[in-house]
Amino acid sequence: MSRKIRLIATLTSAAILVTSMSGCAAMFHGTTQQVAVRSNIPGAELYVNEAYVGKDNGVTTFQKKNNYMITARKAGCTDTTVPASKSFDAITLLGVLIDFGIVSVLLIDGAATGAWQQFDQTSFVVDPRCNNS
């Protein structure tokens, strides 16, 4: 009889562990966001964290746990850099119902994936400052 109870306890623990290994924000909204970047100035080169994205426009993927700076550059113009701002993803709070938020919110959505945040914008227009003389 104790062997059967031990098996049930092990299976229950495993089920709880597997269920809590994914945070709610990570499950519902993912750990990345696709972002479009463009410029109204023809020939402007666009960079995200100094990595080239494209000329005039481009699409890239942001990891929610990282911070990003978007820069527009063109010869003869002053570079413009804007931060990609983030806010709290309220879906994260559903983790409180799973395991009181200990694993799903703090460890998974917070520390491991950053999914408890979401980018405020998924489309950016960044123009270098050019003098029109």
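Sites listed here are chymotrypsin sites (Phe, Trp or Tyr not before Pro) in region 25-121 whose DSSP assignment is loop and whose Cβ has at most 14 other Cβ atoms within 10 Å: Phe100.
For the set Ile41, Ile102, Ile70, solvent exposure ranked by accessible area (probe 1.4 Å, protein chains only) runs largest to smallest as Ile102, Ile41, Ile70. Accessible surface ranking for Arg38, Arg3, Arg73, 1.4 angstrom probe, highest first: Arg3, Arg38, Arg73.
Under 8 Å for C-alpha pairs, at least 6 residues apart: give me the relative contact order for the chain, rounded to a whole percent.
32 percent
Of all the accessible heavy-atom surface of the chain, with the other protein chains kept in place and a 1.4 Å probe, what percent is carbon and sulfur? Result for the chain: 59 percent of the exposed heavy-atom area is carbon or sulfur.
Given R0 = 35 Å, the distance between the Cβ atoms of Asp120 and Ser2 translates into a calculated FRET efficiency of 0.05. Amide H contacts under 5 Å for Gln117: Asp89, restricted to partners 5 or more places along the chain or on a different chain, H placed in the peptide plane at 1.01 Å from N.
For region 33-133, take the alpha-carbon Rg, divide it by the Kirkwood Rh, and send me Rg/Rh.
1.15
Its DSSP H runs of at least 4 residues, each contributing -39,500 (n - 2.57), put the calculated 222 nm mean residue ellipticity of the chain at -6500 deg cm²/dmol, to the nearest 500.
The values are calculated or read from the model by the stated rules, or taken from the named source; none is laboratory data. Quantities reported herein were computed from a predicted structural model and do not represent experimental measurements. Using ideal geometry, Cβ is built from the backbone for each residue, glycine included, and neighbour counts are taken over all protein chains shown. Accessible surface areas use protein heavy atoms only, side chains included; no ligands, DNA or RNA. Shrake-Rupley method; radii C 1.70, N 1.55, O 1.52, S 1.80 Å.
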